[in-house]
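Right, one structure below, let's go through it.
The values are calculated or read from the model by the stated rules, or taken from the named source; none is laboratory data. Here the structure is a predicted model, which is why all the values come from computation and not from measurement. As a convention, Cβ positions derive from the backbone with ideal geometry for all residues, glycine included, and neighbour counts pool all protein chains shown. To get the accessible areas, we keep the full protein, side chains included, count just its heavy atoms, and leave off ligands, DNA and RNA. Shrake-Rupley method; radii C 1.70, N 1.55, O 1.52, S 1.80 Å.
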Amino acid sequence: MTLEELPIGQTATIKSVGGEGALRCRLLDMGLIPRTKVEVCKVAPMGDPIEIRLRGYELTIRKEDAKKIEMITEAES
């Protein structure tokens with residue numbers, strides 16, 4: 001499952017961060033690193049962007065970037 005597929009209100013843990021080069025570095029710099037718990041707070045009316053909560057702050061990312069982040073849910077762990 002990717003972060004983009006996670007339903008609103010559900011919490012999951014980051015399994016891996018994909019992407020290449022500057023994009024991957026930017027995602028990691030924003031705190032999206034493996035073993036971090038993430039909760040989806042809101043999704044814009046047209047589905048893009050997605051607001052998530054992690055490490056005590058809210059972050060808004062594009063759906064395209066969220067597709068690159070693999071998640072593991074509580075049921076899978």
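If you roll a 1.4 Å probe over the chain with all protein chains in place, what percent of the accessible area is carbon or sulfur?
Details: 2400 of 4620 Å².
Carbon plus sulfur share of accessible area: 52 percent.
If amide H atoms are built 1.01 Å from N in the plane of the peptide, which residues on other chains or at least 5 residues away come under 5 Å of the amide H of Thr36?
When sequence neighbours closer than 5 places are left aside, the close amide H contacts are Ile14.
So who's got an amide H within less than 5 Å of the one on Gly31, skipping anything under 5 residues away but keeping other chains? H placed 1.01 Å off N, in plane.
HN-HN under 5 Å from Gly31: empty list.
Over the chain, what is the relative contact order in whole percent, taking alpha-carbon pairs under 8 Å and six or more residues apart?
Computed over the chain, the figure is 41 percent.
Quick one: give the max-minus-min coordinate of the C-alpha atoms of the chain along each principal axis, largest first, in Å.
31, 30, 23
For the chain, build the charge dipole from Cβ charges (+1 Lys, Arg; -1 Asp, Glu) around the Cα centre, then report which of Leu28, Ser16, Met46 sits farthest towards its positive end.
Leu28
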